[in-house]
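Report on the following structure.
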Amino acid sequence: MGKKKQLILLLLLLPFFMFMTEENSSSNFLPFLGKSINFIILFGGLAYFLSKPLRNYFKKRSLEIKQSLAQAENLRREAEEKLKEAEVQLESLGEKIDQIKKEAEMVGQREKERIINEAKREAERIKRLSQQEIELLIQGGIQELREYTIEMATILAQERLKKRMTPKEHSLLIEKCIEGLSKLDENSDIDKEIHSRAS
Amino acid sequence: MAEREDKIQKNQKSRDKSTNAYEKSVREIEENLKAAQAIADKTREELEREALLEKNRLLEEINAECRSQADKARKQLKEQMKSLKKELESETEVLAERIEKRILH
């Protein structure tokens, strides 16, 4: 027999048990019947109208409780998992710290090498510049010596000519110069003629 | 109902305990990492400082060497110029003679 049927039977029999104990005479049968019918209508109606919302309410409440239990369990599990992860991280922390230190050392060494290499290149550049400066000094010295020699030779030649030159030699030199100049002039005339003919 | 409450309470207590321990571990990890990072930064800075000092020393050394070489060269050149000028004075006689000859003949 189903639960529903049992409930209906109980509902039907309950007023008999309840009201029969009060008065057991046959003269009171009609009021008893009326009360019973009233009872059945009242509780039957109540059962009919309230059964569905009550069932829904209890179902919902039960679901909520299950969910809250599951949530609490989940939260606990999550917290424990996080803790495990943290513990694992904590265990490997020493390794990680060593790695950070090693990397810093490596980066520092690389930077040091870079700076020193840069300094070496700069030093080479300074050396080259210094060599160039010395070479320029030598070139300057050579030029100065050339100019000095020419100047000295010219002065000396001038003095010697002044001492040696007789009036005859002087006039000969002048004639020679004039001759040279006229030759130059002739050459320039020939040049002009060649140019005009060509054009 | 009491059993349910008890179960929830137990879970919550366990969760709080785990969360606290987790937070403590995370703090510890962070502090250790910070300290390691600080040490690493210091090491790197120290190495850089050493390198810069070495660079300065090297450049100062090379500058001084080059300056001294240039000064030495200048001094030598000056002395050589003096002696060469003296030597050239005898050569200028020959040159002057050649100029003279060229003008006169």
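Cα-based Rg of the stretch A:37-88 per 2.2 N^0.38 Å, rounded to two decimals?
Here the Cα radius of gyration is 2.22 times the empirical estimate.
In whole Hz and in residue order, list the ³J(HN,Hα) couplings for the stretch A:136-142 that follow from phi through the Karplus curve 6.51 cos²θ - 1.76 cosθ + 1.60, θ = phi - 60°; x for Gly and Pro.
For the stretch A:136-142, the Karplus curve yields 4, 4, 5, 4, x, x, 4 Hz.
Residue by residue, what Karplus-based ³J(HN,Hα) values in Hz, rounded to whole numbers, does the stretch A:120-130 have, using 6.51, -1.76 and 1.60 with θ = phi - 60° and x for Gly and Pro?
5, 4, 5, 4, 4, 5, 4, 4, 4, 4, 5
Mean 1/r over all different Cα pairs, inverted: what Kirkwood radius does the stretch A:109-185 give, in Å?
Working: mean 1/r = 0.0549 Å⁻¹.
Evaluated on the stretch A:109-185, it is 18.2 Å.
Could you give the radius of gyration (one decimal) and Dmax (whole number) of the Cα atoms in chain A, in Å?
Final numbers for Rg and Dmax: 66.8, 198 Å.
For every helix of n ≥ 4 consecutive DSSP H residues, a contribution of -39,500 (n - 2.57) applies; sum these over chain B, divide by its total residues, and give [θ] at 222 nm rounded to the nearest 500 deg cm²/dmol.
Working: 1 runs with 103 residues, N = 105.
Result for chain B, helices only: -38000 deg cm²/dmol.
Between A:Ile174 and B:Arg98, what's the calculated FRET efficiency when r is the beta-carbon distance and R0 is 35 Å? Round to 0.05.
Efficiency for this residue pair is about 0.95.
Using θ = phi - 60° and the Karplus form 6.51 cos²θ - 1.76 cosθ + 1.60, what ³J(HN,Hα) does each residue of the stretch A:95-101 get, whole Hz, x for Gly and Pro?
With coefficients 6.51, -1.76 and 1.60, one gets 4, 5, 4, 4, 5, 4, 5 Hz.
If you project the alpha carbons of the stretch A:46-130 onto the principal axes, what extent comes out on each, in Å, largest first?
Between the extreme Cα coordinates on each principal axis of the stretch A:46-130 lie 115, 29, 6 Å.
Give, to the nearest whole percent, the P(r) tail of chain B beyond 19 angstrom, counting all Cα pairs.
Result: 78 percent of Cα pairs exceed 19 Å.
Computed from the coordinates by the stated procedures, all read-outs in this text should not be read as laboratory data. Model, not experiment: these values are computed from the prediction. Neighbour counts run over all protein chains shown; Cβ positions are idealised from the backbone, glycine included.
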